[in-house]
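Input: a single structure, listed below in structure tokens.
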Amino acid sequence: MNNWKRGARWIPCSGPGCGQRVISILCLVLLVSPALAAQRRVDDAALRTAREETEIILDLGRLLGFVHRMTQESPELDFESDQAREMLEILEEIRGTPRMTPTRARTMIQRIEDTILTAAQLAYTDRLWINAQRNDQRNTQNSRAESASSGQESASASRAGPGSSSRQGTSTEDGAPAGSLASYAAGGPYNPMTETGRRHAEDFEALYAYLQTKRVGR
């Protein structure tokens, strides 16, 4: 017993209640572990639901990006003054919305496509949308192919020894950041069009600034 570290003490368990305390502790551990696992499953399910629900909100951001591209690439499809004013109304509403909901985003998309854009403008943004989807599919396929190749190379490197090297594929899927999804799932703020550093926010601000100049110019 003299070899124990200083300060370490063995507290013997004795008395009639000792066995009951040990059993209670073991029971608590057995109860807590499944509860934590169940909580993780609930959290994962909530994030999956949030990802599905927020897809229409991301679609709104994509549409605004395509609208801005249209004004830059095809001057003949530029907005008239009334169109610019209506678009600004929507953008200002988005700017003042801390938590964008699927219902609100869907309503805005319908207003833009059904009452603001002309047939020619809508056809142009539709083409941009289709091309973007094709590019996303190609990038996803390439990413998966690179990941599969990376896995094979890693296995070969393990067999060949420490002198080998391998590449690692990267995902190109455009989804909401985990933090934002967690906030949305918890009922907190969520607005990718105003989230600094996101492509949706960059496109949104570019379109907003452009429409502001048109309002000043008219």
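The label-point distance for GLU202 and ASP59, in a model that sets each label 7 Å from Cα toward Cβ, rounds to 2.5 nm. Remind me, relative contact order of the range 45-152 in percent, using alpha carbon pairs under 8 angstrom and six or more residues apart? Contact order relative to length: 37 percent. Site pair THR213 and GLU146 shows an inter-label distance of 3.4 nm when each label is modelled 7 Å from Cα along Cα→Cβ.
The modelled label-to-label distance for the pair ALA182/ASP78, using points 7 Å beyond Cα in the direction of Cβ, is 4.6 nm. Once the C-beta distance of GLN133 and GLU113 is scaled by a Förster radius of 22 Å, the resulting FRET efficiency is 0.85 to the nearest 0.05. As a proxy for reagent exposure, ranking SER74, SER180 by other Cβ atoms within 10 Å from fewest up yields SER74, SER180. In terms of packing, defined here as the mean over residues of other Cβ atoms within 10 angstrom, the peptides 47-57, 125-135 line up highest first as 47-57, 125-135. The amide H of TYR190, built 1.01 Å from its N in the peptide plane, has ARG99, MET100 as neighbours under 5 Å, considering only residues 5 or more places off or on other chains. Along its three principal directions, the equivalent ellipsoid of the range 92-153 from the Cα gyration tensor extends over semi-axes of 35, 19, 7 Å, largest first.
Length gained on full extension, GLU93 to THR49, computed as 0.36 nm times the residue gap minus the Cα-Cα distance: 13.3 nm.
None of the figures in this text is laboratory data; all of them are computed from the coordinates on show. Fair warning: this is a prediction, and the values are worked out from it, not measured in the lab. Ideal geometry is used to build each Cβ from the backbone, glycine not excepted, and the neighbour counts take in all protein chains shown.
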